[in-house]
1. Run the accessible area of the stretch 381-464 with a 1.4 Å probe and give the carbon-and-sulfur part as a rounded percent.
2. Please list, or write none, the lysines whose alpha carbon is within less than 27 Å of the alpha carbon of K88, excluding same-chain residues fewer than 8 places away.
3. With labels modelled as points extended 7 Å from the Cα through the Cβ direction, what inter-label distance (nm, one decimal) is found for A89 paired with E172?
4. So if I place +1 on the C-beta of Lys and Arg and -1 on the C-beta of Asp and Glu, and nothing else carries charge, what would the dipole magnitude of the stretch 381-464 be about its Cα centre? I want it in debye, nearest 20.
5. Nearest 20 debye, what's the magnitude of the dipole of the stretch 5-128 about its Cα centre given +1 on Lys and Arg Cβ and -1 on Asp and Glu Cβ?
6. Residue farthest toward the positive end of the dipole of the chain, with Cβ of Lys/Arg at +1 and Asp/Glu at -1: which of G16, H296, G409?
7. Run the dipole for the chain about the Cα centre, Lys and Arg Cβ at +1, Asp and Glu Cβ at -1, nothing else charged, and hand back the magnitude in debye, nearest 20.
8. What whole-number distance in Å separates the alpha-carbon centres of the stretch 1-69 and the stretch 186-257?
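The values are calculated or read from the model by the stated rules, or taken from the named source; none is laboratory data. Bear in mind that the values here come from a model prediction, so they are computed numbers and not experimental data. Virtual Cβ from ideal backbone geometry, glycine too; neighbours counted across all protein chains shown. For the accessible areas, the whole protein counts, side chains as well, though only heavy atoms, and no ligand, DNA or RNA atoms are used. Shrake-Rupley method; radii C 1.70, N 1.55, O 1.52, S 1.80 Å.
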Amino acid sequence: MSDTLGIALVGCGTVGGGVADILLRHRDRLAARAGRPLALRKVVVRDPAKPRDPAIPRHLLSTDPRAATHDPDVQVVVELVGGTTVAKAVVLDALAAGKHVVTANKALLAAAGAEVFAAARAAGRAVCFEAAVAGGVPIIRALGESLAANQVTAIQAILNGTSNFILTAMDERGLTYAAALAEAQRLGYAEADPTLDVDGSDAAHKLAVLAQIAFGVAAGPHEVERQGIDALDPMDIRFADELGYTIKLLAEAWTGPDEGERGRHGEGEKERAGLSSSPPLPLSPSPPPTRRVALHVAPVLLRHTDLLAQVRGAYNAVLVHGDVVGETLYQGPGAGRGPTASSVVADLIDLAVGRAQRTFAAARLWSGADSGFAVEPTERVRSRFYLRLLVADRPGVLADVSRALADEGISISSVVQHEAAEDGGGPVPLVIVTHYAPTGRFKAALAKIGRLPAVAAPAVFYSMGD
Ligand code: NAP
Ligand code: HSE
């Protein structure tokens, strides 16, 4: 049929297999939703002999990406290879050849969003990427379209399904970290290089994509501060639980109402913590001052009752604070074949209908235009902190640690130290929960604590989400 949308998949692994399955099994449903047929015309893979589910007709298979990007019967190239080398070449080649692009590749968008989007604009084509963040959760459309009347002021999100799966499995099933990671890989949640999942990089890439939509900032690779779950000690999961908290890998973006204070607190909490507000900005002529946004990924202690604490397994959730709407929450399966393919195919339908092209042109993402926001380090993000030290069990140690915190204006909310074993004498864990403090002041206190002779190992610390 002449108005058929011709589609080529470059990559047919976990996600590509899911997309092929929907395209081959649900032709009628898709044609009804799109108002025209969607046809799978090419499937490019590394190894054409590999058994695939679904089986791909032999005549569609190729190992040459140019068979997809230069096929005149293909209007959309779906990049599902991953990484930033082959994938980038495929995407740029497809755009140059006049194809629209759909991708689930957040690493590529974070690393080369400006280049890819400039190429798309130059070619008069669209790039769609709903599947790149939070798998089956339609957060790209929600943020870019449904919340368009708002200025987003903060985002708190669970964006890596693999990490959340591992944390849940360790917490609820007592699995080791290694066993839980192996299961996540087997279920198709992990990246080809799972280091990206567990060291916070994948969530950082996704936060960079959300920050582009929400704040118009193109966060460079080092501007999203990140800490993963790869060094998380099960001892901290247990201490957190004892305190009434669950540890989650959170991706967060904080702006503030002014230049001085930002973070997970309201004015009342700031006063309770004994810290003064920053002075109001002086009245100044236009242009308005640049607003700042801090972006970071790290394990955070959330109260058991917190909505995000209850997000389990490979599910993702994104809490968005908008200045008009207030707080909205989006939740669903964040990784794996079906959920991710669901978002890819939604983009294909939008392209078939013609919606995606208009949205792409209007949004002007990664255009380099001044959005009024700039990325800043997290030093001024205010938080309560969980601090675990390994200390000599002798008089005066707690006083020394308290003094180092007090010197930075940080007060202690609670302390946990269990009695040493009878055969003790070695260092013991000391857990301290602080009141609110700016991250920079807390880190300055940590530097002093690290120099105390009684402290036997580097401090372990995490933000608290309340
Ligand atoms: P995957 O299972 O490893 O599949 C990669 C596919 O790319 C395979 O079909 C592979 O071919 C093909 N490929 C690799 N190098 C190639 C080359 N040089 N030329 C042609 N084909 C090549 O990866 P995936 O999990 O589907 O992920 C794909 C993308 O989706 C990544 O960007 C990932 O970050 C993103 N994503 C994944 C998920 C998820 O849950 N898995 C969720 C959201 C987004 P063979 O099959 O022959 O090896
Ligand atoms: N590896 C990613 C995750 C896939 O675990 O979240 C979804 O982007």
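1. Its accessible area is 54 percent carbon and sulfur atoms.
2. K42, K50, K99, K106, K206
3. Output for this residue pair reads 4.3 nm.
4. 520
5. For this selection, approximately 240 debye.
6. G16
7. 1360
8. One Cα centre to the other: 32 Å.
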